[in-house]
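Some notes on the structure that comes next.
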Amino acid sequence: AQIRAVLAGYPVKDPRFGELIAARSLVLAGDTVSAEAQLLSLLERHPDYRDGLDELMKIYIAERDVEGMVNALRTWVQRNPDDRDVAAALAELEKQIRETGAQEIDTP
């Protein structure tokens, strides 16, 4: 709540960025559940906001949440069918899951 008050005092060209910073602050505070919820809400309202997806993926990678990664990437690809980079990342992740099992996913 404090970060939102601080951000309110600074004009931001892209208001989505303020939400991204707030989510990052939640992660730093150890509240990844709230950060994830905030980012999912942000992506629901702005389904083509790639920075939001990237931030969400950082959480899933840190937590080794393979199901979260797959779900987020599938949703993104459904909403952004022309994004070949994310489609390729999803295909690679699904391939790794098939080949090695979800417990051994090689994340960057």
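The values are calculated or read from the model by the stated rules, or taken from the named source; none is laboratory data. These numbers come from a predicted model, not from an experiment.
Structure notes:
- In region 97-106 there is at least one residue that is modelled with pLDDT under 95 and among the hydroxyl-bearing types (S, T, Y).
- Residue within region 11-34 that is among the acidic types (D, E) and modelled with pLDDT under 95 present: yes
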